[in-house]
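Any read-out appearing in this document is the output of simple, stated calculations on the displayed coordinates, not a laboratory observation. The shown structure was predicted, so the numbers you read here are calculated from the model rather than taken from an experiment. Cβ atoms come from the backbone with ideal geometry, glycine included; neighbour counts cover every protein chain shown.
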Amino acid sequence: MEENELIKTGLNNVFTYVAPDGSKRLVTKALVPGRQGGKTIKIGSNEYRIWDPYHSKLAALLIKGASIPLKKDSSVLYLGAANGTTVSHVSDIVSDGLVFAVEFSPRAMKDLIRTSTPRMNLIPILADARDPGSYTNMVTEVDFIYQDVAQREQAEIAIRNTEVFLKKGGYLVLIIKSRSIDSAKNAGEVSCNEVGKLRELFKLDEIIDLEPFHSDHAAVIAQKRT
Ligand SMILES: C[S@@+](CC[C@H](N)C(=O)[O-])C[C@H]1O[C@@H](n2cnc3c(N)ncnc32)[C@H](O)[C@@H]1O
């Protein structure tokens, strides 16, 4: 296959792959070729990992046209890393940076450790994101926080972590799962309420509904005030 079947996106190591039948897939260039599960495509001497928007809210955000301020050398605090699906793609993107991946489920952590072992830029941390004080000795100041935890107090968790770890002018991407906050209220109302809590600390860039990839989910992209 030829390199020209890959179209650059604005993000380091993220491409749109155009298959011979014209269908398109989002892919990341593998930081550690041959070492990850999931579908891959070999082009020339490089390996590209298919990034499924139905399994990753960050991939859904990119396909929906969001501008994600992640750079090759960004440092990232990722809250709610689960088994490492999305985290591994973030690690591909910040190839010269660092990803601190916080997860509180010991079961998910087993898979996360397996994902992170060959990746020199990915640091798994077994901790509760509601208590950032419990991992201050393992995490540095970061350029970017990505949060995807199914908890009632989603904005509060983001604020607590921002106060401790996010640089002034750094970015937050907060995934809001409205059903975890209040299943009785309508999703738009719940998201508006959460966004309102961020206004004092952040300048809001975009709020994006993740339909049709993830129902009842929205994403907020916000910049910490300087
Ligand atoms: C929706 S999943 C995350 C999926 C992941 N971001 C991805 O795209 O691959 C939410 C994860 O957050 C974790 N989680 C929920 N509350 C948490 C907390 N307070 N601290 C750390 N992790 C938490 C859950 O165990 C679960 O693995």
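Computing FRET efficiency as 1/(1 + (r/R0)^6) for residue 193 and residue 64, where r is the C-beta to C-beta distance and R0 is 22 Å, gives about 0.50. Checked against a 29 Å cut-off, the cross-linked pairs 64/177; 42/203; 57/203; 64/110; 39/168 give Cα-Cα distances beyond that limit for 42/203; 64/110; 39/168. The per residue volume of the convex hull around the alpha-carbon atoms of the chain is 116 Å³. On the basis of the beta-carbon distance and an R0 of 41 Å, residue 186 and residue 110 show a calculated FRET efficiency of 0.65. Estimated from the Cβ-Cβ distance and a Förster radius of 25 angstrom, the FRET efficiency linking residue 45 and residue 138 is about 0.10. Rounded to the nearest 20 debye, the dipole magnitude of the stretch 70-211 is 260 debye, with +1 charges on Lys and Arg beta carbons, -1 on Asp and Glu beta carbons, and the Cα centre as origin.
The loop-placed GluC sites (Glu not before Pro) in the stretch 158-226, going by DSSP, that have at most 15 neighbouring Cβ atoms within 10 Å of their Cβ come out as 200.
Over the C-alpha atoms of the stretch 3-52, the Rg to Rh ratio, Rh being the Kirkwood estimate, stands at 0.93.
Relative to its Kirkwood radius, the Cα radius of gyration of the stretch 166-226 gives an Rg/Rh of 1.00.
Simple rule: put +1 on each Lys or Arg Cβ and -1 on each Asp or Glu Cβ in the chain, find the dipole, and look at 84, 149, 212; the Cα lying farthest toward the positive end is 84.
Taking the DSSP bridge list for the stretch 34-177 and keeping only pairs wholly inside it, about 15 percent are antiparallel. Approximating the spin labels as points 7 Å out from Cα along Cα→Cβ, the residue 54-to-residue 225 distance works out to 4.3 nm. Shape descriptor for the stretch 138-185: Rg over Rh equals 1.04 (Cα atoms; Rh from the Kirkwood inverse mean 1/r). Net charge in the neighbourhood of residue 204 (other residues with Cβ under 14 Å of its Cβ; Lys, Arg +1, Asp, Glu -1) is +1.
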